[in-house]
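Participant: Before anything else, here's the structure in question.
Just so it is clear, none of the values below were taken in a lab; they were calculated from the coordinates. As the structure is a prediction and not an experimental result, all values here were calculated from the model. Here the Cβ positions follow ideal geometry from the backbone for every residue, glycine too, while neighbour counts run over all protein chains shown.
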Amino acid sequence: MERRWDLDLTYVTERILAAAFPARPDEQRHRGHLRELAHVLQSKHRDKYLLFNLSEKRHDLTRLNPKVQDFGWPELHAPPLDKLCSICKAMETWLSADPQHVVVLYCKGSKGKLGVIVSAYMHYSKISAGADQVLATLTMRKFCEDKVATELQPSQRR
């Protein structure tokens, strides 16, 4: 029997990954997806990744890596500005601490949340980054246009 995964794992840049799960898989299937995600991340990045949970808090995510940061907000809404700033600052802090560190943005349901955070970080990093970020910015913009633009709500676009 062929194995079919609903996990959508995308390297937005070499150091920023986006992992999306469908909104309503059964719990057993979802746990299987989380185990697969953990295996992929551990094999490629060891303990050099930090997972940002943009959905509701899940205790099984901490089994992936104890360094899970919960930043969820209600589906189909824009995040509060202070939360958006906190996420961008936490991403920047983690990524600048070690050149091998990667950030994994995790979301269950709409990919709109991923697009909001990737876009926000693009703008944030333009303020604090040098010229070597140009390619990364273009890659992030392409990700937003190709993967999430159609799923963004008007409040998320703003």
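Participant: Can you tell me which residue within the range 11-48, out of those that are surrounded by fewer than 17 Cβ atoms within 10 Å (Cβ to Cβ) and within 17 Å of residue 143 (Cα to Cα), is nearest to the chain's Cα centre (by Cα)?
Facilitator: 11
Participant: Quickly run through the range 31-85 and pick out the residues that are among the small types (Gly, Ala, Ser) and over 22 Å from residue 111 (Cβ atoms).
Facilitator: Within the range 31-85, just 43 meets the criteria.
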